[in-house]
Amino acid sequence: MSSKKPVFRVRRSGALVLAAFIAFVSAVPFAGGRWVLAPLLLIPLLVLIWAFRAGTDVTTEGLRVRALFGSTEVPWSRVAELGPDKRGRISALLTDGKVLALTGVTEGNLSEVLAAGGQELTGGQELNAENQEVSSPPTPD
């Protein structure tokens, strides 16, 4: 899957990139004043790099979840279902029972992710990524 160009890329908000850039510029006077404070520049720089890099790439073959260091590739055949957690972020329940948080994917752009991957949207269960389990919707008594 790594050789295939992503059909759809989901990244975090551009506001995070802007905030990291402002933090970097704000740290420059401190780092320029005393050389021992120069490592302060690394913190906003790493956040800036992470904001550009972290996200989920979607292809017709599967998903690639990228972080600051490294990435995880999952073919669609290993994805049992996708569902939101309590904060609206989407996670994938894999066929081996593991849960993979999809960086940048929310309920608002889930249909676009599925369409880009050539997958169909079906409902019915909510994924609880904190407990790494799937809970069925409540049934009326």
Original post:
Starting at 0 and stepping by 5 Å, how many percent of the alpha carbon pairs of segment 8-130 end up in each bin?
Top reply: 2, 11, 18, 19, 15, 10, 8, 7, 5, 3, 1, 0
**OP:** Can you tell me the order of 75-87, 31-43 when each peptide is scored by its average per-residue count of other Cβ atoms within 10 angstrom, highest first?
**Re:** 75-87, 31-43
Original post:
For the residue pair Ala67 and Val36, what label-to-label distance in nm results when each label sits 7 Å from Cα along the Cα-to-beta-carbon direction?
Top reply: 3.3 nm
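Computed from the coordinates by the stated procedures, all read-outs in this text should not be read as laboratory data. These numbers come from a predicted model, not from an experiment. No Cβ is skipped: glycine too gets one built from the backbone with ideal geometry, and neighbour counts run over all protein chains shown.
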